[in-house]
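Notes follow the structure.
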Amino acid sequence: MAKKKSIVYKCSSCGNIQPRWLGRCPECNEWNTFEEFVQNEGGATVGGIGLGNKVDSKGNRIPQKPVSLSTISPLEGDRLFTGIEEFDRVLGGGAMLKSAILIGGEPGIGKSTLLLQTASKIAGGAGSFSAGATNGALGTNGTGASSAAKSSGTGGVLYVSGEESANQIRSRSDRLGLNCANIQILCTSILDDIENALNALNPTFVVIDSIQTVYSAEAGLVPGTVNQLKYCANELISWVKEHNCVMLMVAHITKEGTIAGPKSLEHMVDTVISFEKNNDDVRFLRCQKNRFGSIDELGIFSMQEKGLVPVEDTSSMFITKRSGNLPSGVAIVPVFEGSRVFMVEIQALTVPAKASLSRVYSDKIDNARVSRVAAVIEKCMGLKFSDQDIYINVAGGIKLTESAIDAGLMAALYSARTGISFPEHTSVVGELSLAGEIRPVSKLKQRVKNATSLGFTKVIAPESEEGAVGVADIKAALKKLFG
């Protein structure tokens, strides 16, 4: 027996449902946003056949039925390599097929440049499939596109732009010296046009630039609303899940640096990547969520005339090159990011507070961590910080979050407060407890090995290791460092 249906009115801005049309939504107070929808007996609104729904010859949706999990073919190892090593590193060894990736960053940071370079690599043959991508309809043809997609003659790459014209994208491609012969370009913001292109071309790699510009009449006519973002993203992701494809969607960010729109947008995709930069031409690609790999890897690029170029020698790029002794307030720390070790310079400055309340200025290391380490020094060593303004910086602009930097931060603060310089060719690593103990850190052997290979003759660490001097607490560490 068919379910009973009724007509309801849904707000295109917030999704509020009312039994009759209203001029203003009582939830979000927006005017003329209610649109007519059909509601089933169960309460679900039906707005038409979407990208993620299979239909029969009459256009009716085919209901999905459960199947045994043991009969499903696993996708482990089925990845699409982008041809850009740093990008693949952040993705966990390449982009997993049937996955949706969301990338956000400040305007002008280079998101479109990176994605156009990636599309050119894949379409031109530099990208490839992993060894596991040979099952069923998926076959490696050596050009970074599946055999099914390649048979359409499109090269397997579709670039959808809702913000720039085709002329602007072609101009950027020529300026970067990219091969765009096998890239299909679609400049539209209408979801139906994107759906038709996806079904016609069946691409292997899709770029949506950006998801905030895509809209559908089913969710209203104003792009960028909460309802539009959720509806359009869900339709596009549903299509990806049914095809051997990787979809990369560009997202706008707010002034706080977070991805604009509903938080559910980040929950819907498989991978969330943030694009950051320091004051120079260095760009950092960091993974915030990854269902198919680690989120600890860091990709480092340099913005040059020919676009974003991966930085090859990253081991010492966060250390300032000096001819003389280190100034006071500087300490060197071996930092682990993903599978690599970087030698990072932490800089500290303390000056008498201009008011009765001291303050901490630090955007690369959490303020709470700086205050906690300063409090431990004051308690264990009797060195007063409560009347000082504290300024913390990290050379190279990289953000540090791991607890292994506590000992280096402690040494930099002590050096800045006393005016005693950190010893040359020395580094320090360790977690600092509230009792003043230097606690062990992970992968100490790799940290010490990397520091030694770069010419650091002494490493102060929580445990004795070949090339490292073990210390138990803050007093022993400061004695080894400053005498």
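The values are calculated or read from the model by the stated rules, or taken from the named source; none is laboratory data. This is a predicted model, so every value here is computed, not measured. No Cβ is skipped: glycine too gets one built from the backbone with ideal geometry, and neighbour counts run over all protein chains shown.
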Considering only segment 304-316, I want to know if a residue exists there that is surrounded by fewer than 21 Cβ atoms within 10 Å (Cβ to Cβ), in contact with a helix residue (DSSP H, G or I) (Cβ under 7 Å, 6 or more places away or on another chain) and in a strand (DSSP E or B). yes
In the set 376, 344, which member is under 20 Å from residue 326 (Cβ atoms), among the aliphatic types (A, V, I, L, M) and in contact (Cβ under 8 Å) with a residue 40 or more places away in the chain? 344
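Residues that are under 22 Å from residue 82 (Cα atoms) and at pLDDT 90 or above: list the helices (runs of 4 or more DSSP H) wholly contained in segment 144-245 that include at least 2 such residues.
Values: elements: 147-150, 166-176, 191-201, 226-241.
Ranges flagged: 166-176, 191-201, 226-241.
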Sole residue being free of Cβ contacts under 8 Å to residues at least 24 places away in the same chain, surrounded by fewer than 19 Cβ atoms within 10 Å (Cβ to Cβ) and out of contact with any Cys (no Cβ under 8 Å at 6 or more places or on another chain), chosen from 196, 234: 196
Within segment 163-187, work out how many residues are touching a residue at least 24 places away in the same chain (Cβ under 8 Å) and out of contact with any strand residue (DSSP E or B) (no Cβ under 7 Å at 6 or more places or on another chain). 8
Per the list (1) touching a residue at least 60 places away in the same chain (Cβ under 8 Å); (2) of a type in the set (Ser, Thr, Tyr); (3) touching a Ser or Thr at 6+ places or on another chain (Cβ under 9 Å), residue check on residue 442 breaks on (3)
Filtered residues of segment 339-368 (kept if under 26 Å from the mean Cα position of the chain (by Cα), surrounded by fewer than 16 Cβ atoms within 10 Å (Cβ to Cβ) and among the aliphatic types (A, V, I, L, M)): 368
Every pair of residues 6+ apart whose Cβ atoms lie under 9 Å, when the first sits in segment 307-326 and is on the phi > 0 side of the Ramachandran plot and of a type in the set (Phe, Trp, Tyr) while the second is surrounded by 15 or more Cβ atoms within 10 Å (Cβ to Cβ) and in a strand (DSSP E or B): none
Members of segment 440-462 found to be surrounded by fewer than 16 Cβ atoms within 10 Å (Cβ to Cβ) and either of a type in the set (Val, Ile, Thr) or closer than 25 Å to residue 370 by Cα (or both), listed by number: 440, 442, 443, 457
Does residue 294 count as assigned to a loop (DSSP other than H, G, I, E, B), of a type in the set (S, T, N, Q) and either without any contact (Cβ under 8 Å) to a residue 24 or more places away in the chain or more than 27 Å from residue 453 (Cβ to Cβ) (or both)? no
Do any strands (runs of 3 or more DSSP E) lying entirely in segment 18-120 carry at least 1 residues that are of a type outside the set (Ser, Thr, Tyr) and at pLDDT below 85, and which ones are they? 34-39
Which condition number does residue 381 fail, the rest of (1) touching a residue at least 40 places away in the same chain (Cβ under 8 Å); (2) assigned by TED's automatic domain parsing to the domain that holds residue 113 being met? (2)
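Table: residues versus (1) over 14 Å from residue 113 (Cα atoms); (2) within 24 Å of the chain's Cα centre (by Cα); (3) among the charged types (D, E, K, R).
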site	(1), (2), (3)
165	yes, no, no
179	no, no, no
186	yes, no, no
191	yes, no, no
197	yes, no, no
207	no, yes, no
211	yes, yes, no
214	yes, yes, no
